[in-house]
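The values are calculated or read from the model by the stated rules, or taken from the named source; none is laboratory data. The model shown is predicted, which means the values in this text are computed figures rather than measured ones. Virtual Cβ from ideal backbone geometry, glycine too; neighbours counted across all protein chains shown.
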Amino acid sequence: MVVINLSTMGKHKLARFAENLTFPNLFQVSFEQLEEKGFEWKGRWNVFFGNDNPIVLELGCGKGEYTIALARENSNRNHIGVDIKGARLWRGAKTSNEEKMGNVAFLRTRIEMIDQFFAPDEVSEIWITFPDPQPKKPMKRLTSERFLSLYRHFLKSGGPVHLKTDSRELYDYTMEEVIAPAHYEVEATTADLYASGHSGMATAVQTFYESMFLKEGKPITYIKFRIN
Ligand SMILES: C[S@@+](CC[C@H](N)C(=O)[O-])C[C@H]1O[C@@H](n2cnc3c(N)ncnc32)[C@H](O)[C@@H]1O
């Protein structure tokens, strides 16, 4: 029998939430603040990072391992992981601060509000890594046209969107119901990334969920496409 001590679990979370407030590269803004003043670094992320390097987003980054791995591999790019769960973001924020990584930041928000944090043309690339496939709610899928319209507000013209997922349904939906009707340019697509011989960042590092799915022998699907 597994006994879970709920009060200890709660204390861990509270401690993480408290520490989150001390990280200079983890941003969480209330609705009220956003409405009143907007987000202070929108259109000024280059000032925050102290350079004009391209900005790469990971949407639904969880604990941020992928954002951190990409940032380690690409020191000439700035990487921002986005997720709604503060206790998960804590991990990435903690590591990036311990390692003094100047090219990493985290943003705690619902992705539905992501356009409030970036100005037109401010982002060069988007990674969507193992999102919830939302089998019953197509409008909530992070590759639905509803979300692509949000990304278009701030993604540079020609900037790629990468989708990595173990969900064949989400992969097929994105290819057939989103990309095909809109004639978006597809640069890479595979229903089995690691059997495809594809090289590059998509195979260079794995996300936390991806490593679990790979251990279970599940194929990982991948699409790189452009929405402008
Ligand atoms: C299955 S996990 C994948 C985490 C990570 N990308 C990985 O591959 O290991 C999905 C993540 O997306 C986040 N998420 C789902 N819907 C979201 C939304 N609408 N806004 C922000 N984060 C969201 C969840 O909190 C969760 O951390």
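Overview of values
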read-out	value
Filter result (basic (Lys, Arg), away from the ligand (no atom under 13 Å from the Cβ) and crowded, with 16+ Cβ neighbours inside 10 Å) within the stretch 66-121	77, 94
Residue ID - nearest to the ligand (Cβ to nearest atom), chosen from residues in the stretch 131-148 that are surrounded by 13 or more Cβ atoms within 10 Å (Cβ to Cβ) and aliphatic (A, V, I, L, M)	142
Residue within the stretch 77-86 that is modelled with pLDDT of 95 or more and over 17 Å from the mean Cα position of the chain (by Cα) present	no
Residue that is farthest from residue 224 (Cα to Cα), among those in the stretch 149-164 that are crowded, with 21+ Cβ neighbours inside 10 Å and more than 9 Å from the ligand (Cβ to nearest atom)	154
Matching residues in the stretch 64-111 - criterion: being among the aromatic types (Phe, Trp, Tyr) and touching a strand residue (DSSP E or B) at 6+ places or on another chain (Cβ under 6 Å)	66, 106
Residue list for the stretch 121-143, filter: closer than 19 Å to residue 184 by Cβ and part of a loop (DSSP other than H, G, I, E, B)	121, 124, 131, 141, 142, 143
Top-ranked residue of the stretch 157-172 - restricted to ones that are assigned to a loop (DSSP other than H, G, I, E, B) and free of Cβ contacts under 8 Å to residues at least 60 places away in the same chain, ranked as farthest from residue 63 (Cα to Cα)	167
Qualifying positions in the stretch 178-187 - out of contact with any Pro (no Cβ under 8 Å at 6 or more places or on another chain) and either modelled with pLDDT under 95 or of a type in the set (D, E, K, R) (or both)	185
Residues (under 15 Å from the mean Cα position of the chain (by Cα) and aromatic (Phe, Trp, Tyr)) located in the stretch 35-75	66
Search result, residues across the stretch 48-62 that are away from the ligand (no atom under 16 Å from the Cβ) and either at pLDDT below 95 or charged (D, E, K, R) (or both)	52
Residue count, the stretch 176-192 (criterion: in a helix (DSSP H, G or I), hydrophobic (A, V, I, L, M, F, W, C) and surrounded by fewer than 19 Cβ atoms within 10 Å (Cβ to Cβ))	2
